[in-house]
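The values are calculated or read from the model by the stated rules, or taken from the named source; none is laboratory data. The structure displayed is predicted, hence computed values, not measured ones. Heads up, the Cβs are rebuilt from the backbone with ideal geometry, glycines too, and the neighbour counts pull from every protein chain shown.
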Amino acid sequence: MRPLRFLLLGGLALPLAAPTAHADQPPVTLHLATTLFDARPAPDSARLLAALKQADDAMAAGRMSAARRMYRDVIQEQRDARQYAGTALWRLASNHVYDGDIRGGALMLDDLAAEAARYGDPTMELRATFEAAVLWQKVKRHDMSRRNLERVDCLLQSPAIAEIEKDRVKKRIVA
């Protein structure tokens, strides 16, 4: 026990015994690494909700490209602030599908599934992955559809997803 006590005391005394800088030495500049949570301005949530509503209104009015541009602006702002852009990504994917761009919708849903996984939203990951699989099947990209269905199978085993959500997907899967 005694050697351990000396080691602990030695560990405390060594930093105090470090030599100090002399007056004739130039000062050393320390560069602090930015942390993972560096100070980025968080977007105003009320303004983002208003922007999403404006994009929804543009989509309802048939101005699909304007709505896509607005959704992308919201997504970019949220990503710049390291915020989860799930809602805007879902609506952008819907915009692509309603505009007849099934492949673009599938790509957006795959992007949403990856973002949901990154931000810990397994329910949205399940929904987006499954819907993307359906869209990939419609454009005859069976390899992509199979890949997504394999992920869906894994997500259906997740204890983090509510059973009602799992049942909604299971009812739509055709063997």
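Residue-wise test of (1) part of a helix (DSSP H, G or I); (2) under 24 Å from ASP101 (Cα atoms); (3) modelled with pLDDT under 95; (4) in contact with a His (Cβ under 6 Å, 6 or more places away or on another chain).
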residue: THR34; (1), (2), (3), (4): no, no, yes, no
residue: PHE37; (1), (2), (3), (4): no, no, yes, no
residue: ALA50; (1), (2), (3), (4): yes, no, yes, no
residue: ARG68; (1), (2), (3), (4): yes, yes, no, no
residue: THR87; (1), (2), (3), (4): yes, yes, no, no
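Please determine whether any residue of region 140-147 is touching a Ser or Thr at 6+ places or on another chain (Cβ under 7 Å) and under 21 Å from SER94 (Cβ atoms).
Checking region 140-147: not a single residue is touching a Ser or Thr at 6+ places or on another chain (Cβ under 7 Å) and under 21 Å from SER94 (Cβ atoms).
Pairs needed: first member in region 90-104, more than 18 Å from ALA61 (Cα to Cα) and without any contact (Cβ under 8 Å) to a residue 24 or more places away in the chain; second member anywhere, among the acidic types (Asp, Glu) and surrounded by 16 or more Cβ atoms within 10 Å (Cβ to Cβ); C-beta distance under 9 Å; at least 6 residues apart or different chains.
Listed by first residue and then by second, the contacts come to nothing, as the list is empty.
Looking only at region 44-95, how many residues end up being surrounded by 16 or more Cβ atoms within 10 Å (Cβ to Cβ) and among the hydroxyl-bearing types (Ser, Thr, Tyr)?
Residues meeting the conditions: 4.
Please work out which one of (1) of a type outside the set (Phe, Trp, Tyr); (2) over 25 Å from ALA61 (Cβ atoms); (3) outside any helix (DSSP H, G or I); (4) without any contact (Cβ under 8 Å) to a residue 40 or more places away in the chain is the condition ARG82 fails and give its number.
The number of the failed condition is (4).
Read through the list (1) within 15 Å of the chain's Cα centre (by Cα); (2) among the hydrophobic types (A, V, I, L, M, F, W, C); (3) surrounded by 23 or more Cβ atoms within 10 Å (Cβ to Cβ), then give the number of the only condition that MET124 fails.
(3)
Could you tell me which of the residues ALA93, ALA46 is among the aliphatic types (A, V, I, L, M) and under 28 Å from LYS171 (Cβ atoms)?
ALA93
Is region 90-105 home to any residue that is part of a loop (DSSP other than H, G, I, E, B) and in contact with a helix residue (DSSP H, G or I) (Cβ under 7 Å, 6 or more places away or on another chain)?
yes
Could we say that ILE161 is touching a Leu at 6+ places or on another chain (Cβ under 7 Å), touching a residue at least 12 places away in the same chain (Cβ under 8 Å) and over 26 Å from ALA55 (Cβ atoms) here? If you could, list the steps in order and put the result at the bottom.
Numbers: touching a Leu at 6+ places or on another chain (Cβ under 7 Å): yes; touching a residue at least 12 places away in the same chain (Cβ under 8 Å): yes; over 26 Å from ALA55 (Cβ atoms): yes.
Against the criterion (touching a Leu at 6+ places or on another chain (Cβ under 7 Å), touching a residue at least 12 places away in the same chain (Cβ under 8 Å) and over 26 Å from ALA55 (Cβ atoms)), ILE161 qualifies.
When residues of region 102-149 are filtered for being within 21 Å of ILE164 (Cβ to Cβ) and acidic (Asp, Glu), how many remain?
The total comes to 3.
So, in region 153-172, of the ones that are assigned to a loop (DSSP other than H, G, I, E, B) and touching a Pro at 6+ places or on another chain (Cβ under 9 Å), which residue ends up nearest to ALA128 (Cα to Cα)?
Going residue by residue through region 153-172, those that are assigned to a loop (DSSP other than H, G, I, E, B) are 156-162.
The next check asks that each one be touching a Pro at 6+ places or on another chain (Cβ under 9 Å); those that pass are 158, 160-161.
Numbers: SER158: 15, ALA160: 16, ILE161: 14 Å.
Ranking the qualifying residues of region 153-172, first place goes to ILE161.
Need pairs with beta-carbon distance below 8 Å; first residue part of a loop (DSSP other than H, G, I, E, B) and within region 110-121, second not aliphatic (A, V, I, L, M); sequence gap 6+ or separate chains.
TYR119/TYR84; TYR119/GLY86; ASP121/TYR84; ASP121/GLY86
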